[in-house]
Structures are given as C-alpha cells and as structure tokens.
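First up is the structure itself, then whatever we jot down about it.
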Amino acid sequence: MEKKFHLSNYDFELPKELIAQYPLKKRSESRLLVVDRIKKIFFETKFKEIYKFIPANSLIVFNQSKVIPARIFGKKKSTGARIEFLLLTPLPLIEIHKRGDWNTCVVEGLLRPLKRLKYGDLVIFSKDFFLKVKEKFEFGRCVVELFWKKNLFELINGLGTMPLPPYIKRDSESQDFIRYQTVFAKDEKAGSVAAPTAGLHFDNEVIKRLEEKNIDMAFITLYVGAGTFEPVRCEDIRQHKMHKEYVEIDYENASKISLAKENNIPVVAVGTTSVRTLEGVFKKLGKLDEYKGWVDLYIYPGFKFHVVDHMITNFHLPRSSLLLLVSAFAERDLILSAYQYAVKNKFRFFSYGDCMLIL
C-alpha cells in the first residue's frame with residue numbers, strides 16, 4: 001500500500017489545551033496561517049489581513065447554512081431517565097403528516113444513551129412534543145418518529161441547545177447562539193447541526209476589505225450533519241465510506257461560479273463544506289450547475305479538483321476525513337509541516353480555533 005493511503009500517515013500529536021473551547025470575542029481576531037502550495041512555504045498573520053493574500057478579482061464561495069439548536073433533552077416516559085436527542089435530518093427534508101391534533105414526521109438522529117432505549121419507547125420533551133423510537137443503529141444513530149403540536153421549528157428553538165462538537169467539553173451557553181453561526185447564515189437555510197466553521201472568522205470589516213479589492217461573493221448551502229465529525233476507522237483510507245450530505249446551489253450562484261471558471265477567475269472556497277459542495281456537484285453533473293440533492297463525495301490524496309482554486313479552512317482532527325481533504329488539496333508533507341508549526345506556536349484548533357488560507 002502506498003504511503004499516502006495509510007491512515008497512520010495523517011496523525012499528529014495535539015495537546016488538549018490547543019482544542020479551542022470558547023470563541024474569541026471578535027471574529028476576525030483569530031490567527032491565520034497562509035500556505036503557498038507553489039512555493040511550498042507558509043507564514044503567520046492575522047485573519048483580518050486575509051484580504052491582502054486572496055488574489056484581486058477572485059470569487060469567494062460561502063456556505064450560508066444556518067445551525068439550529070438541534071440538541072434536545074427529554075425523559076424516557078417509562079422511567080424518567082434523562083435522554084439526549086440530536087436531530088440530524090435537515091429541516092427542508094422533513095415530510096410532515098397530520099395524525100389527529102398532532103403533526104408527525106420520521107427523521108434520523110442520535111440518541112444517548114441509546115442502550116437504555118428499545119423499539120417503541122417514548123421520550124418526552126414537553127406536553128406538546130415527544131418522540132417514538134423506530135430503529136437503532138451503531139454509534140447512537142437511530143430513526144425516530146416525532147410528534148408535536150403547533151410549529152416544530154419554534155419548539156426546537158425554544159427547547160433545544162446549540163449542538164457544539166464533542167471535543168468542546170462544556171455545555172452550550174448563550175454566546176454560542178451568536179458565535180456558532182456565520183454572519184451569512186440564512187433563516188430559510190436552517191438545518192445544520194454544526195457550523196461551517198471557516199466562515200465563523202468573517203465579519204463586516206473583513207467583508208468590506210474584500211469588496212474594496214473587487215472580490216465577488218457566491219453562496220451555496222450544505223446542511224452539515226454529525227457525520228462531519230466521524231473518524232476514519234480503516235487503515236487503508238480508500239476503504240472509508242463518506243456520509244451523504246444534502247446540498248443546494250441555485251441558478252444565480254451556479255452561473256456566477258461557472259462564469260468565473262470560464263474566465264480563469266480564481267474560486268476561493270470557504271470551508272471544507274463549500275469544497276465538498278462544489279466538487280460534489282461537479283462530479284454529479286459533469287459541470288457546475290444548479291442542483292438540489294445529495295452528495296457523498298469522499299476527497300482524499302489523489303483527488304483531482306475541478307472547481308476550487310484556493311481554500312480557507314480551520315485546523316482539523318488527526319486521522320479525520322477533513323484532514324485527508326486538505327492533504328489532497330495540498331501535499332500531505334506541506335500540510336503536516338504547517339500543522340506542526342501550528343502546534344508548536346499554540347494555534348487554536350477545530351471549530352472555535354484559528355484558520356488556514358491555502359493558495
């Protein structure tokens with residue numbers, strides 16, 4: 001097996017204290033590591049200076065998906081045991097049916113502790129909201145039927161908490177409702193259970209600087225699911241199966257991105273979610289066009305990129321599919337050298353961490 005396909009070659013030592021637990025007060029004050037793939041160098045600056053390094057007249061692509069407070073705590077009806085439920089089905093895909101005074105739908109989710117539950121068990125969230133267990137799978141995954149009165153989105157917003165990633169070892173707080181959300185997030189695109197975290201660094205000041213440099217913007221939607229945190233478990237990375245993700249690109253934005261490619265305008269993807277959307281749709285259609293549906297593109301070293309020219313991304317978990325994606329975009333040795341620099345110089349890692357610009 002070639003070295004580039006061994007999972008162990010995408011591992012590194014990460015001190016726990018570098019896993020960012022809280023956001024910085026100001027979005028653009030995070031640190032930025034600029035990685036140049038051509039010169040094979042990297043250097044440090046502030047994220048608020050990113051406009052200096054993105055080529056003028058580029059097109060930058062953001063994921064405008066909005067995170068919902070999808071983690072809800074309830075009680076098992078028969079025993080009163082505390083149960084945690086994380087809704088995974090994107091809101092736009094939920095099919096609602098009427099059953100008397102109740103609304104119902106069948107969705108996918110995570111239940112913890114799942115071992116305490118069996119088929120048919122009820123979990124009560126409030127007098128107007130409960131679920132029934134239908135199927136159980138590995139790692140807490142399940143299919144449940146939800147029952148509620150009035151408005152489901154309002155119930156989730158009222159009862160739910162922000163679904164912070166498992167490596168953030170604290171309960172969600174009021175600040176997370178604002179900071180674990182990009183400034184581009186749209187209410188009509190609500191349904192993600194994790195933020196497209198590279199976008200968390202952008203604020204109005206940075207956007208203004210980009211506009212002054214004649215950098216245009218386009219928007220796509222990928223509803224981020226819990227699968228983005230799933231580790232790669234097989235030593236031969238080619239055997240890993242990527243989770244499916246629901247994406248949307250409308251005609252206006254697809255046309256803008258396609259026109260940029262035709263005119264050799266650099267396309268800068270903000271986050272791995274934007275990368276997977278752009279490259280996933282291209283693979284599905286053979287071109288960048290409007291699309292609404294599922295993609296399950298797995299990007300690892302050896303992948304040929306057709307749409308993305310530059311990438312903005314946070315620092316990822318060792319042995320993760322996201323690190324593999326970044327290592328496919330730039331050489332593995334260059335990326336791991338950059339990560340070693342980040343660890344040595346105490347960069348903040350993961351969702352609330354610092355950032356990379358890969359040119």
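The values are calculated or read from the model by the stated rules, or taken from the named source; none is laboratory data. The structure displayed is predicted, hence computed values, not measured ones. Ideal geometry is used to build each Cβ from the backbone, glycine not excepted, and the neighbour counts take in all protein chains shown.
Between Val232, Val247, Val183, which is at pLDDT below 95 and within 20 Å of the chain's Cα centre (by Cα)?
Val232
Being in contact with a helix residue (DSSP H, G or I) (Cβ under 6 Å, 6 or more places away or on another chain) and either in a strand (DSSP E or B) or buried (at least 22 other Cβ atoms within 10 Å of the Cβ) (or both) is the filter here, so list the residues in the range 238-248 that pass it.
Val247
Assess whether Glu331 counts as being on the phi < 0 side of the Ramachandran plot and over 21 Å from the mean Cα position of the chain (by Cα).
Against the criterion (on the phi < 0 side of the Ramachandran plot and over 21 Å from the mean Cα position of the chain (by Cα)), Glu331 qualifies.
Scan (1) surrounded by fewer than 16 Cβ atoms within 10 Å (Cβ to Cβ); (2) of a type in the set (A, V, I, L, M, F, W, C); (3) over 16 Å from Ile220 (Cβ atoms) for the single condition Leu336 breaks and write down its number.
All conditions are met except number (1).
Surrounded by 20 or more Cβ atoms within 10 Å (Cβ to Cβ), aromatic (Phe, Trp, Tyr), modelled with pLDDT of 95 or more and under 30 Å from His240 (Cα atoms): is that true of Phe47 in this structure?
Criteria not met by Phe47.
For Lys52, which of the numbered conditions (1) under 21 Å from Lys213 (Cβ atoms); (2) touching a residue at least 12 places away in the same chain (Cβ under 8 Å) fails to hold?
Status for Lys52: all satisfied but (2).
How many residues does the range 94-115 contain that are touching a residue at least 12 places away in the same chain (Cβ under 8 Å), in a strand (DSSP E or B) and either closer than 19 Å to Leu164 by Cβ or not hydrophobic (A, V, I, L, M, F, W, C) (or both)?
The qualifying residues number 8.
Look at Ile83 and say whether it is touching a strand residue (DSSP E or B) at 6+ places or on another chain (Cβ under 9 Å), surrounded by fewer than 15 Cβ atoms within 10 Å (Cβ to Cβ) and at pLDDT 95 or above.
The answer is no for Ile83.
Mind listing whichever residues of the range 73-93 are over 20 Å from the mean Cα position of the chain (by Cα) and either touching a residue at least 12 places away in the same chain (Cβ under 8 Å) or farther than 30 Å from Arg179 by Cα (or both)?
Filtering the range 73-93 down to residues over 20 Å from the mean Cα position of the chain (by Cα) leaves 73-84.
Those that are over 20 Å from the mean Cα position of the chain (by Cα) and either touching a residue at least 12 places away in the same chain (Cβ under 8 Å) or farther than 30 Å from Arg179 by Cα (or both): Phe73, Gly74, Lys75, Lys76, Lys77, Ser78, Thr79, Gly80, Ala81, Ile83, Glu84.
Of all residues in the range 18-44 being touching a residue at least 24 places away in the same chain (Cβ under 8 Å) and of a type in the set (Asp, Glu), which is surrounded by the fewest Cβ atoms within 10 Å (Cβ to Cβ)?
Keep residues of the range 18-44 that are touching a residue at least 24 places away in the same chain (Cβ under 8 Å), which gives 18-24, 26-28, 30-38, 40, 42, 44.
Okay, now just the ones that are also of a type in the set (Asp, Glu), so 36, 44.
Values: Asp36: 15, Glu44: 13.
Result: Glu44.
Conditions (1) closer than 30 Å to Arg233 by Cα; (2) among the polar types (S, T, N, Q), marked per residue:
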residue	(1), (2)
Leu7	yes, no
Lys39	no, no
Phe53	no, no
Lys77	no, no
Leu87	yes, no
Pro92	no, no
Asn103	no, yes
Val106	yes, no
Leu111	yes, no
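Name the strands (runs of 3 or more DSSP E) wholly inside the range 256-336 in which the number of residues that are touching a residue at least 24 places away in the same chain (Cβ under 8 Å) and either over 14 Å from Asn63 (Cα atoms) or outside the structural domain of Met217 (by TED's automatic domain parsing) (or both) is 2 or more.
Working: elements: 267-270, 291-295, 310-314.
Passing ranges, in order: 291-295, 310-314.
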